[in-house]
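The values are calculated or read from the model by the stated rules, or taken from the named source; none is laboratory data. Keep in mind the model is a prediction, meaning the values are calculated, not measured. Cβ placement follows ideal geometry from the backbone for every residue including glycine, while neighbour counts extend to all protein chains displayed. Side chains are part of the model used for accessible areas, which takes the heavy atoms of the whole protein and leaves out ligands, DNA and RNA. Shrake-Rupley method; radii C 1.70, N 1.55, O 1.52, S 1.80 Å.
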Amino acid sequence: QVQLVESGGGLVQAGGSLRLSCAASGSIFSVNTMNWYRQAPGKQRELVAGMHSLGATNYADSVKGRFTISRGNAKNTVYLQMNSLKPEDIAVYYCNLVQYGHHYWGQGTQVTVSS
């Protein structure tokens, strides 16, 4: 079994920064992808950024140049540095791990941006 625990959400003014963290535990394989998704009220969950264990990254167009995904040395942690936050970034952010076709999710952390 795999458990994911997010932290780092909160309230920030527009233009500010937040750093989300996610720690995975349990049966973690060396090859996997860790992602950040978000879900705003009344909207579908969307992929924000992802990073493969070999280093490849991808970003939603809406966050390119503002958000940076990274992984810890132990490979079981993932971070999302969010800069220049906008009100449209308001959402619950979820950590996701994918390995061998199985998806695992964290409980989510709220990000609120005041204008």
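When the chymotrypsin sites (Phe, Trp or Tyr not before Pro) in region 21-102 are filtered for DSSP coil states and for at most 15 other beta-carbon atoms within 10 Å of their beta-carbon, the remaining sites are PHE29, TYR100. If R0 equals 25 Å, the separation of the Cβ atoms of ALA74 and LEU47 corresponds to a calculated FRET efficiency of about 0.60.
To the nearest 20 debye, what is the magnitude of the charge dipole of region 55-115 about its Cα centre, counting +1 on the Cβ of each Lys and Arg and -1 on the Cβ of each Asp and Glu? Walk me through the intermediate numbers first.
Working: 5 positive and 3 negative charges, 40 e Å.
Taking the Cα centre of region 55-115 as origin, the dipole is about 200 debye.
A 1.4 Å probe run over the protein chains yields, for region 1-54, 54 Å² of accessible area per residue, whole-number rounding.
Would any residue of region 23-67 have its amide N under 19 Å from a label point 7 Å out along Cα→Cβ of GLN3? List them or say none. So the set is 23-29. Comparing ASN76, SER7, VAL48 along the charge dipole axis of the chain, the residue lying farthest to the positive side is ASN76, per the Cβ-charge model. Hey, quick one: spin label on SER115, modelled 7 Å out along Cα-Cβ, who in region 45-61 has an amide N within reach, i.e. under 19 Å? Backbone N within reach: none found.
Within 10 Å of each candidate Cβ there may be at most 11 other Cβ atoms; applying that plus a DSSP loop requirement, which trypsin sites (Lys or Arg not before Pro) in region 8-115 survive?
The qualifying sites are LYS43, LYS64.
Once all protein chains are placed together, SER27 keeps about 60 Å² accessible to a 1.4 angstrom probe. With each label modelled as a point 7 angstrom along the Cα→C-beta vector, the ASN83-GLN39 pair spans 3.1 nm.
Only protein atoms count toward the accessible area here, which uses a 1.4 Å probe; on the chain, the carbon and sulfur part of that area reaches 50 percent.
Explain nothing, just the number: dipole magnitude of the chain about its Cα centre with +1 on each Lys and Arg Cβ and -1 on each Asp and Glu Cβ, in debye rounded to the nearest 20. Before the final figure, lay out the partial values.
On the way: 9 positive and 5 negative charges, 23 e Å.
For this selection, approximately 100 debye.
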